[in-house]
1. Of all residues in segment 98-116, which are under 15 Å from residue 187 (Cα atoms) and modelled with pLDDT of 95 or more?
2. Pick out, from segment 1-103, the helices (runs of 4 or more DSSP H) lying fully within it that include 2 or more residues that are touching a strand residue (DSSP E or B) at 6+ places or on another chain (Cβ under 8 Å) and surrounded by fewer than 17 Cβ atoms within 10 Å (Cβ to Cβ).
3. Of the numbered conditions (1) touching a helix residue (DSSP H, G or I) at 6+ places or on another chain (Cβ under 6 Å); (2) at pLDDT 90 or above, residue 79 fails exactly one; give the number of that condition.
């Protein structure tokens, strides 16, 4: 019972860290004092981390995302403690989940995958990928992940420019950002070869399904516009999580077992 309480507290603390990084990195590009994302004023640490979690300058409370992320990580901590990854164990898996959380939250809120975050991901993925898959598989996976997504990035940019030219409209968005290319390389190091292929295929299917539902929803509410796009980082992360944490189930399903 006591160990479960400690694990839940670890989950909440990790969620708090993910929230902090998602708040300060996109706005200040560095570690800094806690801040209000609404007015960007510094917040007292106790006010920011504990209570009342409200900005003294503008009066706004921290957004609902803060509580959601902390609750999710509390649940994930218990789940991972009971089912740790085979080769990298609980702590390796926990490091990955914390990193994934930072990437996902920032990409959803800012449509941005920061280059320093990608560089940190390279270090984490290279080490854990080496342990899990061996160095050759890790390096090949990184090259394939980066290369495939770079080709898709170039193709998407070309298609959007051609369509925009035909319609006489300006492109204000992109199908993929180069941060997605970097992230795919990071995930390639982590999943290795041929795991990255499965991860990318899953990401494409998940992204396609979610994007279709999103476009249908926007069309039904008459808010759809040309070139609307969702952040792709969460789909790449989702594909990687399935391969990492549910590899045996996925392989069994694909083989019909």
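The values are calculated or read from the model by the stated rules, or taken from the named source; none is laboratory data. These figures come from a predicted structure and were not determined experimentally. Here the Cβ is made from the backbone with ideal geometry for all residues, glycine too, and neighbour counts use every protein chain on show.
1. The answer is 98, 99, 100, 101, 102, 103, 104.
2. Values: elements: 2-28, 45-49, 64-82.
The qualifying helices (runs of 4 or more DSSP H) are 2-28.
3. (1)
Table: residues versus (1) under 17 Å from the mean Cα position of the chain (by Cα); (2) modelled with pLDDT under 70; (3) exposed (fewer than 12 other Cβ atoms within 10 Å of the Cβ).
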site: 158; (1), (2), (3): no, no, yes
site: 165; (1), (2), (3): no, no, yes
site: 173; (1), (2), (3): no, yes, no
site: 176; (1), (2), (3): yes, no, no
site: 180; (1), (2), (3): yes, no, no
site: 188; (1), (2), (3): yes, no, no
site: 197; (1), (2), (3): no, no, no
